[in-house]
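The values are calculated or read from the model by the stated rules, or taken from the named source; none is laboratory data. Keep in mind that this is a model prediction, so the values were computed, not measured. Counting neighbours? That spans all protein chains shown, and the Cβs are built from the backbone with ideal geometry, glycine included. Note: areas computed on protein heavy atoms with side chains; ligands, DNA, RNA excluded. Shrake-Rupley method; radii C 1.70, N 1.55, O 1.52, S 1.80 Å.
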Amino acid sequence: MTRTLLVCGTILAGGASAAAAADCEVTLRSADTHPNGYPTVEAVRWMGEQVKEKSQGRICVEVFPASELGEEKDAIEQTQFGVIDMVRASFGPFNNLVPETQIVSLPYIFRSAEHMHHVMDGPIGEQIAQGFAQHDLVVLGYYDGGARSFYNSKHPIKSVDDLKGMKFRVMQSDVFVDMMSALGANATPMPYGEVYSSIQTGVIDGAENNQPSYDTSGHAEVAKFYTLDEHLIMPEVLAVSKISWDKLSPEDQALLKEVGAASVPVMRELWNAKVAESEAAVEEGGAEIVRDIDKQPFIDAMAPVYEKYVSTPEAKELVEKIRATE
Ligand code: GTR
């Protein structure tokens, strides 16, 4: 399956995409921070192929990878304003805008990727989609962001103590600033595209992300020490601008929902393969992965973050529901 998708990706990424778009009645421009070949980019392309076929060529999706339409937070804003039609992004940069995304972005809230899928594919995911709707974003599906772990240019992280006093880039969300202070480290929120040079020039010591991002961003070249502490299992979202959505007929809206949902298992399949591929690639490039790590002290250190974000009865109930989900 990967090969077919990559072929589609290559075709759409080249000059052919403009020609293809010219035949379409509607072309939805979709933003992604990741490069060609990344599972999210290829899954949205797959969705575009599907929608084009099922609409007899009337509706097309044009994917702009590698932050071509701006860094993630800006792309989200542009999508709210209808300047961009669709965005695929992590929940992180939505945390301050859509409060419903905060609880599922808490460190160690999910036990595994499967646990996250079960929660997001059920009523909790629907409730969160209503939160997005209030900010002019229509959810088509929840993608996988794997598990985020720490990496840095200084030394291997084997315990919480090893993080003390270090400076890490986090996504632009208060949740992660609080997460870093709970671990005794310093957070520098900044756009993804600035991380490489910031590590290289020593402005920060490291960052945190899943293996495919660590690999494809090149961060592994400048921050060789990666620890599989897996502090964040982050959902990601594929969302359409309400302004673009309202221009579509109810039938076309239903079609987009259908292909959006169908792209979720495609993305997840690509994801699993990419994690293994990226781990091998970064090790080959000289990165050192610490796998043998006791996560419990990291989990325990998050208590103040939970105290802050899980303070209301509704938030407590939601956390209980998530924990009770198989
Ligand atoms: C990746 C995620 C991106 C972006 C990036 C980041 O894991 O897929 O959407 O949020 O992390 O850290 O900025």
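Observations on the model:
- Taking every residue in the stretch 174-192 that is closer than 18 Å to residue 76 by Cβ and without any contact (Cβ under 8 Å) to a residue 24 or more places away in the chain and pairing it with any residue that is in a strand (DSSP E or B) and not β-branched (Val, Ile, Thr), at least 6 positions away or on another chain, the pairs with Cβ-Cβ distances below 8 Å are 189/169; 190/169.
To keep it simple, each residue is scored yes or no on (1) more than 15 Å from the ligand (Cβ to nearest atom); (2) within 15 Å of the chain's Cα centre (by Cα).
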{"site": "31", "(1), (2)": "no, yes"}
{"site": "44", "(1), (2)": "no, yes"}
{"site": "58", "(1), (2)": "yes, no"}
{"site": "72", "(1), (2)": "no, yes"}
{"site": "77", "(1), (2)": "no, no"}
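- Total residues in the stretch 102-124 satisfying the condition of being touching a residue at least 40 places away in the same chain (Cβ under 8 Å) and not in a loop (DSSP other than H, G, I, E, B): the figure is 11.
- Among the residues making up the stretch 84-107, those that are among the polar types (S, T, N, Q) and open to solvent by 10 Å² or more (accessible area, probe 1.4 Å) are 96, 102.
- Residue match in the stretch 16-33 (condition: of a type in the set (Asp, Glu), in contact with a helix residue (DSSP H, G or I) (Cβ under 6 Å, 6 or more places away or on another chain) and open to solvent by 20 Å² or more (accessible area, probe 1.4 Å)): no
- In the stretch 278-301, the residues that are open to solvent by less than 30 Å² (accessible area, probe 1.4 Å) and touching an Asp or Glu at 6+ places or on another chain (Cβ under 9 Å): 278, 282, 287, 289, 290, 293, 298
- The condition of being under 11 Å from residue 152 (Cα atoms) and among the hydrophobic types (A, V, I, L, M, F, W, C) holds for only one of 243, 233, 204, that being 204.
Condition check ((1) more than 16 Å from the chain's Cα centre (by Cα); (2) within 16 Å of the ligand (Cβ to nearest atom)) across all residues:
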| position | (1), (2) |
| --- | --- |
| 80 | yes, no |
| 94 | no, yes |
| 98 | no, yes |
| 103 | no, no |
| 125 | no, no |
| 147 | no, yes |
| 158 | yes, no |
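- Any hit, the stretch 276-291, residues being of a type in the set (Val, Ile, Thr), away from the ligand (no atom under 16 Å from the Cβ) and under 30 Å from residue 25 (Cβ atoms): no
- Candidates 232, 238, filtered to the one that is open to solvent by less than 10 Å² (accessible area, probe 1.4 Å), farther than 23 Å from residue 279 by Cα and under 18 Å from the mean Cα position of the chain (by Cα): 238
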